[in-house]
Structures are given as C-alpha cells and as structure tokens.
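Participant: Take a look at the following structure, please.
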Amino acid sequence: NLNEKQKRYVNDLGVSSKRLIKLTEDLLDFSRIGLKTKAEGKARIEIAHFIEDFIEEMRPYAVSKKHGVAFNKKTAGKLTVEMNSRSLYNCLQNLLSNAIDYSPGEASVTVDLEKVGDSVKFSVSNKGSAIPEDEQSHVFERFYRGESAKKAKPEGTGLGLYVVKAVIEEAGGKVGFESEEGKDTVFWFTLPLKSDNHNKK
C-alpha cells in the first residue's frame, strides 16, 4: 500500500541497487581478467530463452528511463552456447543498459539475435548520437570514456565495454560496433555455437 512518492523512492532504490551490482560484477570480471584466470562454471545456455528472461528483468529499468525494448529472434530453433552464465548476463547488461542510457527521448532500443555461420550474433541498437570518429578506436579500452559519454552518463566507470570485449573474446567470440551519423548505433558480439546447432538454418 505505497503511495506514489514512496513508489518512486523504492524504484530509485531498486535502480541504484542494480547499478551497484553491475559495478561489482564489472570489478570482479576486471580483476579476473587482470589476473588472467578463466571464468569457472561454464554451462550450456539456450541463448534465446536466456535473453528473453534477461530483457524481462531489464524492462523496469528501461521503463524508468521511458524507453521500450524490442527483441527480434531472426533464426528459428535452439541456439546453444557454452559460457559462464553470470559473465554472459553481465555482457548483455552492459550493452543493453548503455543502449538505454544513451537513447534520446522515448525511443525504443532493439535487440536482435541471429545465427551467422557457426556463431550466434547478439546486437543491440539505439537511435542515440553517433560516437565521434576520433573516439571510436578507444571505445573498448579500459577506463576510457569519451566526452559525449561523460555528458550523457556522468556516473560511468569506463569498464563495461572493456569487460564485454575481454569476456566474449575469452569465450571464442568477437565484439564490434557500427556508429554513423544519421543511422542507429549498433553494438554486437558473436559466440560460437555448440556442434548440435551447426546444421540448423
């Protein structure tokens, strides 16, 4: 039986708590990467279901920022990867939260999932401002934050994208982005599919 003011306080506490959890997970991955230890507890993950559940968990955060999230699975059938589930969740959270935070107005964020060769490709796009060309080569560097990013998200650490790149490459995948004025900005990563996926189209 909370009134509207109390609901806002509780929502703000929830958002702040998730931000602290995300920072803690980034720091844990950053420490593990620095020590050159591999992530433990790998498991087979049906990535489409994993992403659907993840988006539902992130939806309240998107709503609090007045954004929607659309998910497009472009390939039918199961798409299975092998990875530490917490690390995968953290990579998804870094990319989707960035897309939400840097989206203008009430624009929606789009998440796409598709099979590309022997890999699965996850991409998230928004309609935010393009990343300046002189900043693009530094985007995945640890602690790097461009001037536009600092203005849009002052509390950022510059660790998120660095962690995403290191974790995905450790899992045998690739990371990249496209950002051009007048077009959606898209961040993506690929992960190798398990052998039982390779014959599916």
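Participant: Taking H as built 1.01 Å from N, whose amide H comes closer than 5 Å to the amide H of residue 108, not counting residues under 5 places away?
Facilitator: 68
Participant: So, taking all protein chains as they sit and a 1.4 Å probe, how much accessible area belongs to residue 127, in Å² rounded to tens?
Facilitator: 120 Å²
Participant: Let me ask something else about it. Grab the alpha carbons of region 63-201, take their convex hull, and tell me the volume per residue in Å³.
Facilitator: Dividing the Cα hull volume of region 63-201 by its residue count gives 117 Å³.
Participant: Mind checking region 77-122 for GluC sites (Glu not before Pro) that DSSP puts in a loop (not H, G, I, E or B) and that have at most 14 other Cβ atoms within 10 Å? Walk me through the numbers on the way to the answer.
Facilitator: Numbers: sites: 82, 106, 114; in loops: 106.
Passing both the DSSP loop test and the Cβ count: 106.
Participant: By how many nm would the segment from residue 49 to residue 13 lengthen if fully extended, with 0.36 nm per residue of separation less the alpha-carbon distance?
Facilitator: So the chain would gain 10.2 nm between residue 49 and residue 13.
Participant: Report ³J(HN,Hα) in whole Hz for each residue of region 67-72, in order, from the Karplus equation J = 6.51 cos²θ - 1.76 cosθ + 1.60 where θ = phi - 60°; Gly and Pro get x.
Facilitator: Once rounded to whole Hz, the list reads 10, x, 10, 10, 10, 10.
Participant: Still on this structure: Which pairs break 32 Å Cα to Cα here: 18/73; 7/183; 78/153; 5/183; 153/194; 151/183?
Facilitator: Working: 18/73 26 Å; 7/183 37 Å; 78/153 36 Å; 5/183 39 Å; 153/194 37 Å; 151/183 21 Å.
Result: 7/183; 78/153; 5/183; 153/194 exceed 32 Å.
Participant: For labels at residue 134 and residue 107 in the simple 7 Å Cα→Cβ model, what's the distance in nm?
Facilitator: 2.3 nm
Participant: Starting from 0.36 nm per residue, how many nanometres of slack lie between residue 5 and residue 143 once their C-alpha separation is accounted for?
Facilitator: That pair, residue 5 and residue 143, stretches by 46.1 nm at full extension.
Participant: So what J values fall out for region 173-179 if you push phi through Karplus, 6.51 cos²θ - 1.76 cosθ + 1.60 with θ = phi - 60°, rounded to Hz, Gly and Pro as x?
Facilitator: Karplus-based 3J(HN,Hα) across region 173-179 equals x, 10, 9, x, 7, 10, 8 Hz.
Participant: So, in nm, how far is label residue 194 from label residue 71 when the simple model puts each one 7 Å beyond its Cα toward the Cβ?
Facilitator: 1.9 nm
The values are calculated or read from the model by the stated rules, or taken from the named source; none is laboratory data. Model, not experiment: these values are computed from the prediction. Counting neighbours? That spans all protein chains shown, and the Cβs are built from the backbone with ideal geometry, glycine included. Surface areas here come from the heavy atoms of the whole protein model, side chains and all, with no ligands, DNA or RNA. Shrake-Rupley method; radii C 1.70, N 1.55, O 1.52, S 1.80 Å.
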